[in-house]
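These notes concern the structure reproduced below.
Computed from the coordinates by the stated procedures, all read-outs in this text should not be read as laboratory data. Here the structure is a predicted model, which means the values were calculated and not measured. Here the Cβ positions follow ideal geometry from the backbone for every residue, glycine too, while neighbour counts run over all protein chains shown.
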Amino acid sequence: MLEKESILSNTCSLNPVSIGINHTLKLPFRLKDQLKFLGPAFIVSVAYFDPGNFATNISGGSMFNYSLLWVILWSNLMAIFLQIMSAKLGIATGKNLAEMCRGVFSVRTNWVFYIIATLAAMATTMAEFIGGVLGFYLLFGIPMSHSLILTVCVTFIITYLQKYGQRVVEIVITLFVAVVCASYLLELFLAKPDWPQVALHTLIPSIPNGQAVLIAAGMLGATVMPHVIYLHSQLVQCRNGGLTLEEKKKHFRMEKIDVFVAMNIAFIVNAAMVIVSASVFFSRGIEVDSIEAAHRSLEPLLGALSSGAFGAALLASGFSSASVGAMAGETIMDGFVHFKLPLMLRRFLTMLPGIIVILIGVNPMKALIMSQVCLSFVLPAAILSMLVITSRKDLMGDFVNGPFTKFLGGVIAIMIICLNTVLLFLTFTGNV
């Protein structure tokens, strides 16, 4: 079982939402039952619209109109499959994916997995950190250097909240998710997109050119996140203690609903980013190469309300994903090699790339896109190790993967590897 000293091993004893609802609103039994299990996928979903998504989705929409909306759809379908698989592993084994890797693979292999997963955590933390800095800068006009300090402070505060239990983090993150969703619903209303074209390009794949492959890989890396594949198998442990087989099966059914709801909210937000960017920027011949330009352009085109909503969404996204990065980092570090560093030191080290990017003046949007492309290259290691473990009857018992699940998982892994191979070829031949 998981180590007692882990921050993530805090139980769900702090459950004010479910307690208040269950005893005062007299909701139907099935709904009350489901509310007890809602939460882990909502934490995970934050990673699916972190600031890296802002960069890739805004670029994709401003450069290629609605053409890459299908990438968001297919990435979301992959994400649903992979997060359900991760939750199943955690529920069936009582351990997270990183811990299972430690027990199944050799020490050398686990060190390789650990290094790869740590790089993924650093790439996504850079994205969320840059998002927080830009959010302060764009929303309140605070200079970048001061925004940098504020973001470091807020990130450490969010990390500290974990000591009060996972349920507290779930509630806080759900509030951040609500801010992002409300902001982009407002953006959609103001942008007035071409809905028939939106539907067409969501369903029909197209890649206009080699540059679109880079953006598509970034969208995939920003939507299907490797660090939360590891994390989800940990988050379900909060509700997984001392269950019988039938109770575990019920837990898994409820977690599927949790994943379906949270991931589709993430899909709507990501699609809205592309749609708004295409409707506002591409339609006017504006190719946006920075998040600052996107924010600056929205005000004269759609009004101050739109640019304010954009800044609020970016700030909420950066802060909420910061806590998710901290939780994923701990799961990875404790799981693979049982190697511990003080929590605050680990958070500083993972924020360091973002601090460097800001201080040396690298275009934050380009840095965000490349961080998401890096995540796309890290994905196969997480997916393949998870498929190997969940396909073993001796480890999974009644939850072992069936033939169709094995096939589907293999297809997803092959698709991601092929996309990365094409991207490498285009990069080295100078076509992107």
Which of VAL411, VAL152, VAL224 has the fewest Cβ neighbours within 10 Å, and the rest in rising order: VAL411, VAL152, VAL224
Computed magnitude of the charge dipole of segment 182-256 (debye, nearest 20; Cβ of K, R +1, Cβ of D, E -1): 320
Cleavage-rule hits (chymotrypsin sites (Phe, Trp or Tyr not before Pro)) in segment 175-228: DSSP loop, at most 15 neighbouring Cβ within 10 angstrom: none
Set of segment 375-400 residues, backbone N closer than 19 Å to the point 7 Å along the Cα-Cβ line of ARG253: 398-400
³J(HN,Hα) computed for each position of segment 74-90 - Karplus, 6.51 cos²θ - 1.76 cosθ + 1.60, integer Hz, glycine/proline x: 5, 4, 5, 4, 4, 4, 4, 4, 5, 6, 5, 4, 5, 4, 4, 4, x
Nearest-0.05 FRET efficiency for VAL107 and ARG284, computed from C-beta distance (R0 60 Å): 0.60
For segment 232-238, Karplus couplings with θ = phi - 60° (6.51, -1.76, 1.60), whole Hz, Gly/Pro x: 4, 5, 7, 5, 6, 5, 4
Ranked THR405, THR223, criterion: other C-beta atoms within 10 Å, fewest first: THR405, THR223
Total charge dipole magnitude, segment 54-212, about the Cα centre, Cβ charges on Lys, Arg, Asp, Glu only, Debye to nearest 20: 480
Neighbourhood net charge (11 Å Cβ-Cβ; Lys/Arg +1, Asp/Glu -1) for THR390: +4
Positive dipole terminus of segment 39-428, leading residue within LEU359, MET78, PRO143 (C-beta point charges): MET78
Relative contact order (%) - criterion: Cα under 8 Å, at least six apart; region: segment 39-428: 41
Exposure proxy ranking, count of Cβ atoms within 10 Å, fewest first, for MET126, MET415, MET219: MET415, MET126, MET219
